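A short worksheet on the structure shown next.
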């Protein structure tokens, strides 16, 4: 690992970590509010997996940056403009169908991304990925089975699932857009080119969506900006809630 | 002992990978079960406390991620202890290659109470992320399954 790759690696680890931290937080907002008890438990546990993965990745990011920032410092003391998650994960939780369809689309992408990262030249990153990919397989199965139940369900569940898919589709492209950060890491054998993951994602996602009798939206302009800190209006509000306790007591420790 | 499953030790679960002894003292090498497992902090604290009580104060814990923890490392005797405690031990579901199978042909999970295989899954998750919640149609009791990972 050369010094010249470190800034790119730090950026990349923030992207990986923030994707999971933000999505984990969105899922945790269902705790106590899910439609049935079994899903309250499931969503909270998936949130826990994601926050755990996010913490491991942000910890590695802080170590890479080398300025003494722990995973807590990165999670609780950065402003929205410094976050590097894709836009799709910061969108408000919506109804159960929206959460499930978003979870499915993101989990499938995450699965193929983590699978590729298990072969990373960066041993620690590969180790975290080897652990996370197995957990993500369960996330894909859980969300995928619900997509089938909702899409191929009642008129109402189908209609809500379709609305969710239509609203989310324009945010999926960002997951596969690479820039010079990705290019540097591809050259170093550390990370996959995001575009290379799209075919597998598309094949798996469209297979399940079709079986769920859902209509695939037409290709549209894909929203982007999260990777460089240009977020939607939703992230700031979410972080305010997430960070208020830590920020109210600067320097406090558990 | 594992804080959530107090009949099993962290050694039987395969969480403790190695113990190193040098001039600086004892270092216990552990690997986390799940990325978000909230019990890992407690487990680390308890390892240090146990070693302190046994005459090895100041022991350190080092976490490694590779190779990734798998339920395959749970000792056979430990599987029986899980069953006796009311938790079905992990079942390998290698038949399912698909990420989202249309027809789940998972191997039937045996009820740890009455051993019936007429059981159904109620939630992929349970009191902890590593367990699923099932229900036995014969003895009518809910129970948990330690998921294979």
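The values are calculated or read from the model by the stated rules, or taken from the named source; none is laboratory data. This structure is a prediction, so every number in the text was calculated from the model and none was measured. Using ideal geometry, Cβ is built from the backbone for each residue, glycine included, and neighbour counts are taken over all protein chains shown.
For residues that are in contact (Cβ under 8 Å) with a residue 40 or more places away in the chain and within 14 Å of another protein chain (Cβ to nearest Cβ), scanning just region A:54-69, find the one that is farthest from residue A:5 (Cα to Cα). The qualifying residue farthest from residue A:5 (Cα to Cα) is A:56. Looking across B:57, B:76, B:67, one residue alone is loosely packed, with under 13 Cβ neighbours inside 10 Å and under 24 Å from residue A:55 (Cβ atoms). It is B:67. Considering only region A:183-235, state which residues are in contact with a helix residue (DSSP H, G or I) (Cβ under 7 Å, 6 or more places away or on another chain) and modelled with pLDDT under 95. The one that is in contact with a helix residue (DSSP H, G or I) (Cβ under 7 Å, 6 or more places away or on another chain) and modelled with pLDDT under 95: A:220. Please determine, by comparing only the residues of region B:118-130 that are out of contact with any helix residue (DSSP H, G or I) (no Cβ under 9 Å at 6 or more places or on another chain) and surrounded by 14 or more Cβ atoms within 10 Å (Cβ to Cβ), which one is modelled with the lowest pLDDT. Going through the qualifying residues, I end up with B:121. The criterion of at least 1 residues that are under 16 Å from the mean Cα position of the chain (by Cα) and within 26 Å of residue A:28 (Cβ to Cβ) is met by the following helices (runs of 4 or more DSSP H) wholly inside region A:167-254: A:198-211, A:233-248. In summary, residue B:92 fulfils each of the numbered conditions (1) in a loop (DSSP other than H, G, I, E, B); (2) in contact with a helix residue (DSSP H, G or I) (Cβ under 7 Å, 6 or more places away or on another chain); (3) touching a residue at least 12 places away in the same chain (Cβ under 8 Å) with the single exception of condition (2). Can we say residue A:49 is over 16 Å from the mean Cα position of the chain (by Cα) and either under 25 Å from residue B:130 (Cα atoms) or part of a loop (DSSP other than H, G, I, E, B) (or both)? The answer is no for residue A:49. Can you spot a residue in region A:92-100 that is buried (at least 22 other Cβ atoms within 10 Å of the Cβ), within 14 Å of chain B (Cβ to nearest Cβ), on the phi < 0 side of the Ramachandran plot and in contact (Cβ under 8 Å) with a residue 40 or more places away in the chain? Taking every residue of region A:92-100 in turn, at least one turns out to be buried (at least 22 other Cβ atoms within 10 Å of the Cβ), within 14 Å of chain B (Cβ to nearest Cβ), on the phi < 0 side of the Ramachandran plot and in contact (Cβ under 8 Å) with a residue 40 or more places away in the chain. Give region A:138-158 a look and list any residue that's away from chain B (no Cβ under 12 Å) and at pLDDT below 95, or say none. The answer is none; no residue qualifies.
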